[in-house]
1. Which count do you get for residues in segment 72-109 that are part of a loop (DSSP other than H, G, I, E, B) and at pLDDT 95 or above?
2. Assuming ALA61 fulfils every condition listed in (1) open to solvent by less than 20 Å² (accessible area, probe 1.4 Å); (2) over 19 Å from TRP104 (Cβ atoms); (3) among the aliphatic types (A, V, I, L, M) apart from one, which condition is it?
3. Kindly indicate whether VAL121 is among the aliphatic types (A, V, I, L, M), more than 12 Å from the chain's Cα centre (by Cα) and either open to solvent by 60 Å² or more (accessible area, probe 1.4 Å) or modelled with pLDDT of 95 or more (or both).
4. What is the number of the single condition among (1) within 20 Å of SER123 (Cα to Cα); (2) modelled with pLDDT of 95 or more that MET34 does not meet?
5. For segment 98-108, enumerate the residues that are free of Cβ contacts under 8 Å to residues at least 24 places away in the same chain and either closer than 15 Å to TRP53 by Cα or open to solvent by less than 10 Å² (accessible area, probe 1.4 Å) (or both).
Amino acid sequence: QEQLVESGGGLVQAGGSLRLSCAASGRTASTSNMGWFRQPPGKEREFVASISWSGDRTFYANSVKGRFTISRDNAKNTVYLQMNSLKPEDTAVYFCAAKVGGSWFDPESFGSWGQGTQVTVSS
C-alpha cells in the first residue's frame, strides 16, 4: 500500500499559479493510477483530476479543465498538479490518492489518501 504526502499548497492571488506535488512511497507507487481531489470549506470532497500509471490517460473535472494539468514522474514516484489561472472558488484542501476501484472520478474508488495541502486563492 502506498503512502502519499502532498506539498506545494499556499496562499496565492486570483490569476496566479501553484504546483502541487504528491510523493508516493511503497512497492506499487509507480504503477498506480492516481488522482487529485479537493475539499472546499464546508463542502464534500470532489474530483479534480486523475492520471493512469503510464501517464497516457488523464481526466479532469469540468471546473478545472484548461487551467489545471496533472502529470507524473515515475522515476521520482511523484504526481503533480499544475494549477494556473486560479480562482477564489479553487480554495480547498487538496488531496492525492491512489485508484483502487473502477471509477476515475469517484472518491470511493480511491484509497491511501494523503494528509492534504491547503490552497487559498484571494480575490
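1. 9
2. Exception for ALA61: condition (2).
3. So VAL121 fits the description; yes.
4. (1)
5. The answer is VAL100, GLY101, GLY102, SER103.
The values are calculated or read from the model by the stated rules, or taken from the named source; none is laboratory data. As the structure is a prediction and not an experimental result, all values here were calculated from the model. All Cβ positions, even for glycine, are placed from backbone atoms using ideal geometry, and neighbour counts span all protein chains on display. To get the accessible areas, we keep the full protein, side chains included, count just its heavy atoms, and leave off ligands, DNA and RNA. Shrake-Rupley method; radii C 1.70, N 1.55, O 1.52, S 1.80 Å.
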